[in-house]
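Reading through the structure tokens given below for one structure.
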Amino acid sequence: MSISRVQLKALSRLRRREAQLLFEARLYDGAAYLAGYAVELALKARICRVLDLTEYPDTGEMRRTFATHDLNQLLKLAGLERKLETSGSSLVEMWPSVARSLPERRYQAAGTTTEAEVRGILNAVDEVRRWITKYW
């Protein structure tokens, strides 16, 4: 299934809203996991812009490189790794908690993530997404 850059942006916003609803319902593990997807989708939208593509390249011969959930890998593919390192902001400190959201959280046992941890993740995700959207 192919997905357009516009759809990726919309899904990024939607996944962040869904993460908030899970947080409010005290479903902290799901909120943390879904928040990571919001960043993944934002990075994939950025990759489309960098490569001047209308759809994300996760099929065919490009699948091996682009079909990933690894946020550190996607940051590199989006051409933002060096920009993050030189941003001189708290983003560098926030990135590890955001990057850990995927794929490590996929198989965590229920009740692993605390409310305070998710609050921090959601705040970090918001900052990172705002930063990524400057480059969409």
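A few remarks follow.
- The range 84-136 shape via C-alpha gyration tensor axes, a/c threshold 1.5: prolate
- Sites Arg119 and Thr86, calculated FRET efficiency, Cβ-Cβ separation with R0 22 Å, nearest 0.05: 0.20
- Global form of the chain, assessed from the alpha-carbon gyration tensor, a/c cut-off 1.5: prolate
- Fluctuation leader among Leu41, Leu11, Leu71 - the chain, Gaussian network, Cα springs under 10 angstrom: Leu11
- For the range 29-108: rounded, prolate or oblate by the Cα gyration tensor [a/c cutoff 1.5]: oblate
- Between 0 and 90°, nearest 10: helix 28-51 axis offset from the chain longest Cα axis: 20
- Sum of -39500 (n - 2.57) over DSSP H runs of 4+, divided by residues of the chain (222 nm, nearest 500): -20500 deg cm²/dmol
- Within the listed set Ala35, Ala99, Ala25, the Gaussian network model of the chain (springs between alpha-carbon atoms below 10 Å) gives the highest mean-square fluctuation for Ala25.
Read-outs throughout are calculated quantities, based only on the coordinates presented, and are distinct from any laboratory measurement. Remember, it's a predicted structure, so these values are computed and weren't measured experimentally. Here Cβ is always computed from backbone atoms with ideal geometry, including for glycine, and neighbour counts include all displayed protein chains.
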